[in-house]
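The values are calculated or read from the model by the stated rules, or taken from the named source; none is laboratory data. Here the structure is a predicted model, which means the values were calculated and not measured. Cβ sites come from the backbone with ideal geometry, for glycine too, and all protein chains shown count toward neighbours. For accessibility, only protein heavy atoms count, side chains too; no ligands or nucleic acids. Shrake-Rupley method; radii C 1.70, N 1.55, O 1.52, S 1.80 Å.
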Amino acid sequence: MLLVTKRCSGNLEPFDRQKVINGVRKACQGRPIDGDALKQLGQQVEEDLRSQGLAQVKSEDIGKAILKPLRELDEVAYLRFASVYQNFNGLADFQKAIDDLKRDKAASDK
């Protein structure tokens, strides 16, 4: 069983893939993303975490594990999720994230 250490309380609770899906669903509101894609993302996040061979992960590690597949799924949803998860403070943080997306896209197009 994979346990999650909660950030604020330090409490342990079992990993819940549905919580991952629900959190990502909020970032995907209004985007052309179907439920199957969200389920697949949730499964990928869980598999990535379990592949590390750890019995316990921090809730922050789950957020980090969500970022990459969400970025590949939908850039707007990624920016929404990242802005909350990474505590964006203003336009400069958004601009940096957008610049990173553009740079990575240009590098993958080569």
Can you send over the carbon and sulfur percentage of the accessible area for the chain, probe radius 1.4 Å, protein chains only?
50
Any chance you could give the angle, 0 to 90 degrees and rounded to 10, that helix 35-50 forms with the longest Cα principal axis of the chain?
60
In order through the stretch 52-67: 3J(HN,Hα) via Karplus (6.51 cos²θ - 1.76 cosθ + 1.60), integer Hz, x for Gly, Pro:
6, x, 8, 8, 9, 10, 7, 4, 5, 5, 5, x, 5, 5, 6, 4
For V4, residues with placed amide H under 5 Å, excluding near neighbours:
E13, F15, V57
Towards the positive end of the charge dipole of the stretch 29-84, with charges on Cβ (+1 Lys, Arg; -1 Asp, Glu), say which of G42, A77, S59 has the farthest Cα.
S59
What net charge do the residues around R103 carry, taking every other residue with its C-beta under 14 Å from that of R103, with Lys and Arg at +1 and Asp and Glu at -1?
0
Along principal axes, Cα extents of the stretch 1-72, largest first, whole Å:
35, 25, 17
Under the rule a/c < 1.5 gives rounded, and otherwise a/b versus b/c splits prolate from oblate, where does the stretch 31-110 land using the Cα gyration tensor?
prolate
Output the 0 to 90 degree angle, nearest 10, between the alpha-carbon long axis of helix 91-109 and the longest principal axis computed from the alpha carbons of the chain.
80
Of the options F94, I33, V4, report the single residue whose Cα projects farthest towards the positive end of the charge dipole of the chain (beta-carbon charges: Lys, Arg +1; Asp, Glu -1).
F94
Which value, in Å² rounded to 10, gives the accessible area of S59 with a 1.4 Å probe and all protein chains present?
30
Using a simple spin-label model with points 7 Å from Cα along the Cα→Cβ vector, what separation in nm is obtained for N22 and L54?
2.3
Compute the acute angle (0 to 90°) between the alpha-carbon long axis of helix 75-85 and the principal axis of greatest extent of the alpha-carbon atoms of the chain; round to the nearest 10°.
50
